[in-house]
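The values are calculated or read from the model by the stated rules, or taken from the named source; none is laboratory data. Just so you know, these numbers come straight off a predicted model, no measurement behind them. We place every Cβ from the backbone using ideal geometry, glycine too, and count neighbours over all the protein chains shown. Ligands, DNA and RNA are stripped out before the accessible areas are found, and what is left, the full protein with its side chains, is counted by its heavy atoms. Shrake-Rupley method; radii C 1.70, N 1.55, O 1.52, S 1.80 Å.
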Amino acid sequence: MTHYLYKPHVHGRNNITTPDILIDRLYRTLNTQYGVDLLGVGVKQLTSSVELQFSASKLTITPAYVLIAAGGGVLFGVGAEIDDETQGTNANFILVARFAWRLKYLQDHFDKMKFVIKVGPVSEQQIIEEIDFSRFPSPATLIEQLNPQGTELPRGAMIIATTTGIAHQINVPEIYQVNIADTHLDRGLIHRVSLFSSEQDGREPRPIPRYAIGPTTGDIEHYI
Amino acid sequence: MKITAYAATMQAVWFSEDMGETWLRPPTPTGGFYNEIRCWAVCTHPQRPGEVLAGTDQGLYRWSHEQQRWNYIPSPMDDLHILQIAQSPDDPKIIICGTRPAEIFISEDDGKSWQRSNLNAATECWFINTTRVTSIQFDPADADTIWITIEIDGVFRSRDRGKTWDHLIDGLRDNDTHNLVFLNGNNRRTILCSTEAGLHKSIDEGKSWQYMDIPQAPWLYFRSIQRKENDSNIIFASVGDKPSGEAGILLISRDQGQSWEKAALPEPVSSTIWWISTNPADPNLIFLCTIFGQIFRSQDGGESWRKMQRVLGEIRMIAWAPTPE
């Protein structure tokens with residue numbers, strides 16, 4: 001797969017637009033002693049799913065914000081990197097929510113934004129960490145690496161931005177929620193993902209699949 | 001009473017604010033979803049005025065009358081076709097969705113979280129390749145009991161709100177089932193089931209089904225059946241030459257399905273009547289649609305019908321509800 005079809009709901013001031021965007025260049029931030037670099041990764045790791053399955057009993061989940069190239073200006077989203085260390089890097093998921101904002105409406109109040117991480121079912125959620133947005137590399141710094149002359153991202157690009165020292169060890173099964181709260185505009189971007197174990201079958205006893213024929217009043221030529 | 005009618009089509013959901021005379025879609029720049037999104041189902045609830053749930057090929061959406069837009073509801077159904085939606089009559093936070101492939105997803109917290117029910121419907125079908133849910137109903141006598149019909153795998157019933165299911169097909173001439181109607185009798189109730197091979201009834205809670213011979217029906221393909229809201233004796237049933245069909249009729253029974261007569265539609269339908277919509281807010285106001293876009297309206301409980309001038313594309317469901325003040 002060389003592209004991922006991202007289907008965001010972009011919340012504007014009084015509306016929602018739903019551009020479908022082909023992502024074919026995906027970057028993760030790589031924090032080094034000299035600063036932040038961007039590392040290209042395969043788009044097959046991207047998902048907007050709300051349910052994921054793992055063989056590991058423990059995952060490392062790193063909250064992230066997401067920058068997406070779009071015709072009307074860079075989109076700003078929320079997501080996370082999920083590492084199942086038993087499977088190597090190819091088994092990782094990069095989550096990106098189907099909700100996004102326009103970056104240009106945030107640039108004057110990044111100091112009023114923070115991550116709020118919760119775990120547990122909706123009715124019993126517990127906050128496990130709150131993180132000021134200022135601890136993350138700034139969007140301008142990341143955009144500059146792909147487009148030194150401008151403020152827009154190149155077509156088809158998506159950047160997953162994490163920061164050092166912030167990751168969560170999460171037991172499976174669990175429900176993990178990452179939220180970027182914009183206290184200035186009183187709104188939030190939320191993605192909640194249910195993490196399931198491949199070792200536990202919630203459907204036991206699992207029956208053999210059946211097939212149906214259809215109209216039984218006619219002559220049916222068996223198709224198998 | 002001012003009402004809004006909703007038509008779920010292969011080009012999004014159309015709205016009518018004038019009793020079906022004219023139809024519009026919310027504009028794409030502000031409406032919340034793409035105007036050619038495929039939509040199969042719309043669902044309203046008396047306790048949620050101005051709110052509509054829509055099942056599409058890109059996920060589940062909720063219309064906000066106040067915001068005048070569709071809001072996306074994250075769910076595990078984003079890559080499925082959401083063909084049917086039902087909300088518990090007692091509690092609109094309990095939402096059940098039926099999909100293609102034929103699966104049932106249940107939320108008990110207004111769509112915040114979802115569980116896939118352990119429904120063991122057929123996973124493959126000679127006739128339509130992939131099975132699909134054609135109707136979902138909460139049992140009028142017990143909100144924990146759910147009935148569904150599947151094309152093509154018969155009738156399923158759950159008495160524990162989706163935890164376990166009974167497969168009820170004994171006596172059906174065909175498992176291509178489309179819809180159910182529950183009729184209260186003196187000491188027992190009758191359940192009607194529309195199928196590809198005629199109308200069936202059960203007087204033992206679905207344990208067995210009996211074919212009903214209806215001479216007024218020129219074809220066997222029974223699609224939508226619906227009870228008049230305030231009169232359990234009156235039932236409407238649509239019959240087509242085939243799916244999607246080139247001809248069809250509407251039948252009315254005034255005696256719980258014992259006898260039928262052909263309804264006087266003002267002009268022929270050009271495809272099978274796919275859905276009949278009632279609402280307890282006005283039992284006499286009924287909309288019906290054909291799958292290829294015709295819309296008819298009755299304001300006298302189905303005694304007379306008027307065809308709306310506007311023809312939409314492919315309509316899979318029609319609904320109406322009072323418009324909030």
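Run the accessible area of chain A with a 1.4 Å probe and give the carbon-and-sulfur part as a rounded percent.
Working: 5360 of 11440 Å².
Within chain A, the accessible surface is 47 percent carbon and sulfur.
Can you list the residues of segment A:18-56 that have at least 40 square angstrom less accessible area with all protein chains present than in their chain by itself, probe 1.4 Å?
A:18, A:50, A:51
To the nearest 20 Debye, how big is the dipole of segment A:60-175 about its Cα centre, given +1 on the beta carbon of each Lys and Arg and -1 on that of each Asp and Glu? Let's see the in-between values first.
Details: 8 positive and 13 negative charges, 101 e Å.
Roughly 480 debye, rounded to the nearest 20.
Mind checking segment A:13-84 for trypsin sites (Lys or Arg not before Pro) that DSSP puts in a loop (not H, G, I, E or B) and that have at most 12 other Cβ atoms within 10 Å?
Hits after loop and neighbour filter: A:13.
Given contacts defined as C-alpha pairs under 8 Å and at least six residues apart, what's the relative contact order of chain B, whole-number percent?
Details: 959 pairs, mean separation 42.5, N = 325.
Dividing the mean separation by the residue count of chain B yields 13 percent.
Which one, A:61, A:110, A:190, projects farthest toward the positive side of the charge dipole computed for chain A from Cβ point charges (K/R +1, D/E -1)?
Farthest towards the positive end: A:110.
For a quick check of your reading of the filter: which trypsin sites (Lys or Arg not before Pro) in segment A:147-207 sit in a DSSP loop and have no more than 13 other Cβ atoms within 10 Å?
A:155, A:203
Counting Lys and Arg as +1 and Asp and Glu as -1, what is the net charge of the other residues whose Cβ lies under 14 Å from the Cβ of residue A:111? Let's see the in-between values first.
Details: positive: A:112, A:114, A:135; negative: A:108, A:132, A:182.
Result for the neighbourhood of residue A:111: 0.
Of all DSSP beta bridges located in segment B:1-92, what percent are antiparallel, nearest 5?
95 percent
After finding the eigenvalues of the alpha carbon gyration tensor for chain B, what semi-axes result from the square roots of 5 times each, listed largest first in whole Å?
27, 24, 19
Summing -39500 (n - 2.57) over the DSSP H runs of n ≥ 4 in the protein assembly as shown and dividing by its residue number, what mean residue ellipticity at 222 nm do you reach, to the nearest 500 deg cm²/dmol? Walk me through the intermediate numbers first.
Details: 2 runs with 12 residues, N = 549.
It comes out at -500 deg cm²/dmol, rounded to the nearest 500.
Of the DSSP beta bridges with both residues in segment A:4-197, give the percent that are antiparallel, rounding to the nearest 5.
Working: 58 of 70 bridges.
Just about 85 percent of them are antiparallel.
Residues of chain A: accessible area per residue at 1.4 Å, in Å²?
51 Å²
Convex hull over the alpha-carbon atoms of the protein assembly as shown: what's its volume per residue in Å³?
Convex hull of Cα atoms, per residue: 161 Å³.
Hey, any idea what % of chain B's accessible area is carbon plus sulfur with a 1.4 Å probe?
Carbon plus sulfur share of accessible area: 44 percent.
What's the buried accessible area, both sides, between B and A using a 1.4 Å probe, rounded to 100 Å²?
Buried: approximately 2800 Å² between A and B.
Send over a whole-number figure in Å² for the accessible area per residue of chain B, probe 1.4 Å. Please list the in-between numbers first.
Working: 12390 Å² over 325 residues.
For chain B, the solvent-accessible area averages 38 Å² per residue.
To one decimal place, what Kirkwood hydrodynamic radius in Å is obtained for chain A from all pairs of distinct Cα atoms?
On the way: mean 1/r = 0.0523 Å⁻¹.
Averaging 1/r across every pair of different Cα atoms and inverting gives 19.1 Å.
Exposed loop sites here are trypsin sites (Lys or Arg not before Pro) in DSSP loop states with at most 10 other C-beta atoms within 10 Å. What is the longest stretch of chain B lacking them?
B:3-187
Using unit Cβ charges (K, R positive; D, E negative) and no other charged atoms, how large, in debye to the nearest 20, is the dipole of the protein assembly as shown about its Cα centre?
Using only the charged Cβ atoms, the result is roughly 660 debye.
So how strong a dipole does segment B:3-322 carry about its Cα centre when Lys and Arg Cβ are +1 and Asp and Glu Cβ are -1, to the nearest 20 debye?
With only Lys, Arg, Asp and Glu charged at Cβ, the dipole is about 180 debye.
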